[in-house]
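The structure appears below as structure tokens.
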């Protein structure tokens, strides 16, 4: 799924559905939230972009 598609999905609802919720250890949560806020995106969008980049780097389409 592209980052653009992800942004469209979450554009009207800035919070992910509980079924998509990911529980992160506290040591990752604060830096992740800070990075997302500095880029002006949600943590969901940031994680989607990171996953997309990882998959692209490893040849997964």
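Values in this text are rule-based calculations from the coordinates and carry no lab data. In this text, all values refer to a predicted model and were calculated from it rather than measured experimentally. Because the Cβ atoms are built from the backbone with ideal geometry, glycine has one as well, and the counts that use them run over all protein chains shown.
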Which of 39, 57 has the fewest other C-beta atoms within 10 Å, and how do the rest follow up to the most?
57, 39
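Want the number for residue 53 to residue 35: 0.36 nm per residue separation, take away the alpha-carbon distance, what's left?
Working: separation 18, 0.36 × 18 = 6.48 nm, distance 1.64 nm.
Extending this stretch completely gives an extra 4.8 nm.
Among 33, 60, which comes first, then next, by fewest other beta-carbon atoms within 10 Å?
Values: 33 14, 60 9.
In order of increasing Cβ crowding within 10 Å: 60, 33.
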